[in-house]
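Okay, so here's the structure we're looking at.
Quick note: the coordinates plus some simple rules give every number you see, no bench work behind them. Just so we're clear, the structure is a prediction, and the values are computed from it rather than from any experiment. Every residue, glycine among them, receives a Cβ derived from its backbone with ideal geometry; neighbour counts consider all protein chains shown.
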Amino acid sequence: MNIKNVVVIGSGTMGSGIAAHLCNANIPVTLLDLKTEISEKARERIHKSRPPLLIDKTKINNINVGNISDNFDVVKNADWIVEAVVERIDVKHQIYEKIFKSRKAGAIVSSNTSSIPIKVLSQNLTDIEKKDFCITHFFNPVRYMGLLEIVKNENNDLNKINQLKEFCETELGKGAIVCNDTPGFLGNRVGVYAMQIAMTEAFKMKLSVEEADAIFGRPMGIPKTGVFGLYDLIGIDLMADVLKSFIKELPETDEFHEVAKEIPLVKKLIETGYTGRKGKGGFYRMNKSGTTKVMEAINLETGVYSPSKKIDIKSDKVDLNGLINRKDEYGEYAWSVISKIIKYASSLVPGITNQFNDIDEAMRLGFNWAKGPFEMLEEIGVQNFFNKVDDFSGNNFLEELNKNKNEDFYGERQKYTNIETLGKVKKTAISLDGNDSAKIYRFQDYNIVEFTTKANALDYDSMDALKKATDKPLIIINESMQFSAGVNLTYTMQFADKNDFKSIEKFIKYFQETCKHLKYSKYPVISAPSGLTLGGGFEVMVQSNFVASHTNIVVGLVETIVGLIPAGGGCKEMLGRWLDTEQAKKDPNFAPLKVFDIIGYGKTATSPVEAEPLKYLRPQDKKIMNRNSLLEVSKKILNENKSFKEPEELVFKLPGESVRGEMNKIIEKLYNKKVILDHGVQVAKELAHVLSGGDTTIDKTLTEDDLFKLELDAFMRLIETKKTQERIKHTLATGKPLVN
C-alpha cells in the first residue's frame, strides 16, 4: 500500500504517539485538534517526552499541526486518516461525517478506539465507506509497544486490510494482528481478564498485594509490576471504566462478568482519591516517615497501609511447572490463575481469531508477557494440564485437545507475519547446548545464542555459551525485552561478600577473553540488540563483527554509576573508535578526553540515531524498525559475508600523564561543584588512568591486551572498595544510584 501522507485527528496521548511514530518512519503527518494551540502543545510534549517518542528529535518539525475548523482540507490529500479523539460515539460520528465528505476515493479511515466495536462506529456509514473503515488499535506508548490490532468485520475490503497490515508491519515496525470485531478485541480481552483473575484470586485466597505481585510477575514471565502494581500504573479509576465497558458489551454468559464484579475496597480507593500513581497512591503508596519516604502496601482485608515487604519465592526464572506444583499457597494461587487464563483464552477461539497463536503474540507484544496462554499450556504439558484442571465443558478447544492429547498441538509460532522470526526458527532449530544463562541453537549453517537470565544479565555461563557457539557463524539475539542489562551484579557481589576477589578477577578475565574471541573468531559474529544494551551487554555488542540494531534500543556504558569502570573491552573499543577520527589524528588528547566524558557520565542513547554521534553504533550498522526482522537482516549480513576475514587487532598510541592532567582538572571542577563526591573522584581517576593509557607516552604502542589489563586492574581496585560495594548493593535494592 502506498501511504505517503497521514492525518491524525486528536492530539491526546494516543494521537500524539501515533503521529510521532509515523514521523519516526519518515511518513509526513499532520496532527489536528479542536484548536491549533492544542496541537502545538502536543508537539511540544512529543519533543520533550521521556522516554522519547521520537527516534530522532530533530525531526519534530516534520509533524505539521492545525485545527479541524481551519485546516481540515489536509484530509483531501491523505492516504490514511486516523481518528484518535475522545471515546464518545457522538463525537466520533461527527468526525467521520466530515472525513468521508473530504477524503479522496479509497483513502483508509481508522479509529484508535480500544473498546468501541466497528459496528457501532460505522453505523452511519454507507456500504462503500465501510469497506475502507477499520480500527487500528495502537498500544501506549506507541513507539515502544509492538502490538497493533487491526480490527475488521464483514464489510471490509480484505485486500485493503492486508495491505494496511503489511504497511504497518514493514514501515512502522508493528506486530500487526488482524482480529474480529469483538469486545476488547484481542489483547485487552485476555489481558484485562488475566489481571482481574489475578486480583480476585488474591482477595479470595487472602494473599497480600506483595505476594500476589511476586507470583503474577517474573515467575510467570509477566512484567515485575505484577497485578496490583499494574493497576496503580494504569489508574484504578480507569480500570473501573474499562471493566464497565466489558460488562456492557459482553453477553451475561461470558466468564468475564464473574471477575469484573465491583470490589468494595477498590470502590473505596477511587472514592477517596487513591486512584494509583497519578493520585494519592493505590494498592501501593509512598509515605513519609520523618525525612525518609517509605513504600507502603494496603492490606486487602482491612484497607490499612503498612511498609511494603519484599517477597522472595526463591525463583528468578520462568518455570511454570515448578511454580504450579509448589506445595504451598503460592503454588495454589499460581495454578488457579494460570489455569483460568488458559481456559478463558481458549474459549475465545475462533470467536476473536482463528489462530490461537495470535492471542499469544498479542500478550507478548501488547502486555510484554514472555509466554502467552497457549505457550503456557504447551510448557505445562497437555497431559499434565488435564490431570490438574477442573471443569472445562463447553470449551471446544480444550475438549478437542483432551480427546487427542496432542503434546505437539502448538505448531508454528507467529503466524500473523511472513517474516522469518526468531520465534519461528527456534521451533525448528536444533538445540545444541546451553546452560542456566543462555541457549545455543543450530539453524541451517549458523548458530544462535539467546541469553535467558533476568534482564539477560551476563555471568560465567553466558560467556561459556558464546565461546562454544563460534564454531559456526553466530547471531546473538533474543526475544525478551532486553538484549542485556550488563554483567550480573548479584553474581559478582556473592563473591565480594565472601572477600573472594580472585573469583571475580577470574570471571572478568574470562569475559575479556570471550569478547576478544568473538571479535577475532574465524566466523562472523552478529549482535542483534533490542531494548537495554548496557555495560557488559554493550561490550558483547561492540566486539561483534556486525550489528543489526532495533530502533528501540537503550545503549551505553554505565558502570561508573555503580562505582566501576567498563572492564570487558568497553574502554578499549570506545578509544579505538574515537582514535579513528580526524580530530584525534591532529590532537592526541582528543579521543581519551571524549571517551572520558562519555563513560564518566554514563551517557546512554535511546535510539541508533542518538547512538551514532557517541560512536556506540557505526554508520554501517543496520538499524531496523521491526524487531521481528532482526533475524532476517542478520542472516542477510551473513550471506553477504561468506568470505569473511577477521579484523586486524587494534593498536593504541595514548598520551599518558599529559592527558591525565587535563582529566584531573575536570574531576577537581566536578568535585568542587559537588557533582561528584569522594568516591566519585576515585572512580573517575581510575577511568582516567585507563583511558590515558596508564604509565605510557605517546611514542609507545599499546596492544588490546594492554588495554584489557588496564581495565581489569582498575575494575579490581574499585570492586574491592566498600564504597563501590555500597553503590552496587544500593542499586540492586532500590534500582537507583547512590552518590557517595
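For region 652-740, what is the convex hull volume of the alpha-carbon atoms per residue, in Å³? Walk me through the numbers before you get to the answer.
Working: hull volume 8.1 nm³, N = 89.
Cα convex hull per residue, to the nearest whole number: 91 Å³.
Distance from the alpha carbon centroid of region 223-268 to that of region 80-97 works out to 26 angstrom.
Taking N as the number of residues in region 468-564, what is its Cα Rg relative to 2.2 N^0.38 Å?
Against the compact-globule rule of thumb, the ratio is 1.14.
Across all Cα atoms of region 581-740, the radius of gyration (one decimal) and Dmax (whole number) stand at 19.0, 55 Å. Normalised by residue count, region 406-473 yields a Cα convex hull volume of 117 Å³ per residue.
Rounded to whole numbers, the Karplus 3J(HN,Hα) couplings from phi for region 592-600 are x, 5, 5, 5, 4, 5, 5, 6, x Hz, using 6.51 cos²θ - 1.76 cosθ + 1.60 with θ = phi - 60°, and x at Gly and Pro.
Short-range pairs are left out: with C-alpha atoms under 8 Å and at least six residues apart, the relative contact order of the chain is 8 percent. Which residues among region 653-679 fall inside the zone where the amide N is under 19 Å from a point 7 Å beyond the Cα of Arg717, along Cα→Cβ? Backbone N within reach: 654-669, 671, 677-679.
Could I get the Rg over Rh figure for region 187-404? Both from C-alpha atoms, Rh via Kirkwood, rounded to two places.
Numbers: Rg = 17.6 Å, Rh = 18.1 Å.
Rounded to two decimals, Rg over Rh is 0.97.
Summarising the strand pairing of region 6-180, around 15 percent of its internal DSSP beta bridges are antiparallel. Note that region 559-620 carries a Kirkwood radius of 12.2 Å, evaluated over its alpha carbons pair by pair. Quick check on my link table: of Lys41/Lys278; Lys310/Lys498; Lys204/Lys261, which ones sit more than 18 Å apart, alpha carbon to alpha carbon? Flagged as over cut-off: Lys41/Lys278; Lys310/Lys498.
Working from label points 7 Å from Cα in the Cα-to-Cβ sense, the Glu632 to Lys585 distance is 3.9 nm.
At a 10 Å Cβ-Cβ cut-off, how would you order Arg727, Arg50, fewest neighbours first?
By the 10 Å Cβ count, ascending, the order reads Arg50, Arg727.
Using the Cα centre of the chain as the reference point, and only Cβ charges (+1 on K/R, -1 on D/E), how large is the resulting charge dipole? Debye, rounded to the nearest 20.
Working: 101 positive and 100 negative charges, 302 e Å.
My answer is approximately 1460 debye.
Can you tell me how much longer the chain between Lys41 and Tyr520 gets when fully stretched, taken as 0.36 nm per residue apart minus their C-alpha distance, in nm with one decimal? Before the final figure, lay out each step's value.
On the way: separation 479, 0.36 × 479 = 172.44 nm, distance 5.10 nm.
So the extension gain works out to 167.3 nm.
Can you give the Rg/Rh ratio of region 170-213, where Rg is from the C-alpha atoms and Rh is the Kirkwood radius?
Numbers: Rg = 15.7 Å, Rh = 12.9 Å.
Here Rg/Rh amounts to 1.22.
Over region 253-294, the pair-distance histogram of Cα-Cα distances with 5 Å bins from zero comes to 6, 20, 17, 17, 16, 11, 6, 3, 3, 1, 0 percent, rounded to whole numbers.
Arrange the following residues from fewest to most other Cβ atoms within 10 Å of their Cβ: His689, His93, His137. Mind dumping the intermediate values first?
Numbers: His689 20, His93 15, His137 25.
So the residues, fewest neighbours to most, are His93, His689, His137.
In deg cm²/dmol, rounded to 500, what helix-only [θ] at 222 nm does the chain give when every DSSP H run of at least 4 residues adds -39500 (n - 2.57) and the total is split over its residues?
On the way: 32 runs with 333 residues, N = 740.
For the chain, the value works out to -13500 deg cm²/dmol.
Just to be sure I understand the curve: with the Debye formula and one point per C-alpha of region 6-180, what is log10 I(q)/I(0) at q = 0.16 Å⁻¹? Debye curve over Cα of region 6-180, log10 I(q)/I(0) at q = 0.16 Å⁻¹: -0.90.
Restricting the calculation to Cα atoms, region 1-60 yields a radius of gyration followed by a Dmax of 10.9, 33 Å. As a size descriptor, the averaged projected area of the C-alpha convex hull of region 1-108 was calculated at 6.5 nm².
Here the Debye sum runs over all C-alpha atoms of region 344-502 as equal scatterers in vacuum, and log10 of I(q)/I(0) at q = 0.18, 0.21 Å⁻¹ comes out as -1.14, -1.33. Summary of the geometry: region 525-561 and region 45-70, compared by the centres of their Cα atoms, lie 27 Å apart. Under 20 Å from a label point set 7 Å out along the Cα-to-Cβ vector of Lys642, the amide N atoms of region 430-448 belong to 443-447.
What does DSSP give for the chain in terms of the percent of beta bridges that are antiparallel, rounded to the nearest 5? Each step should come with its number before you reach the end.
Values: 28 of 71 bridges.
Looking only at bridges with both residues in the chain, the antiparallel portion is about 40 percent.
The Kirkwood radius of the chain, taken over pairs of alpha-carbon atoms, gives through the Stokes-Einstein law at 25 °C and 0.890 mPa s a diffusion coefficient of 88 µm² s⁻¹. Shape analysis of region 503-559 based on the Cα gyration tensor places the equivalent ellipsoid semi-axes at 20, 17, 6 Å, largest first.
Simple rule: put +1 on each Lys or Arg Cβ and -1 on each Asp or Glu Cβ in the chain, find the dipole, and look at Ala107, Leu432, Val595; the Cα lying farthest toward the positive end is Val595.
In terms of other Cβ atoms within 10 Å, Tyr344, Tyr305 run from fewest to most in the order Tyr305, Tyr344.
According to the Cα gyration tensor, what semi-axes, each the square root of 5 times an eigenvalue, does the equivalent ellipsoid of region 310-422 have, listed from largest to smallest in whole Å?
On the way: eigenvalues 111, 73, 31 Å².
In descending order, the three semi-axes are 24, 19, 12 Å.
Once the Cβ-Cβ distance of Asn402 and Ser658 is raised to the sixth power relative to R0 = 56 Å, the FRET efficiency obtained is 0.15.
Ratio of alpha-carbon Rg to the 2.2 N^0.38 Å globular estimate for region 136-193, to two decimals, please.
1.12
Summing Cβ point charges (Lys, Arg +1; Asp, Glu -1) relative to the Cα centre of region 6-180 gives a dipole of roughly 320 debye. Modelled spin-label separation between Asp56 and Lys454, with each label point placed 7 Å from Cα along the Cα-to-Cβ direction: 3.9 nm.
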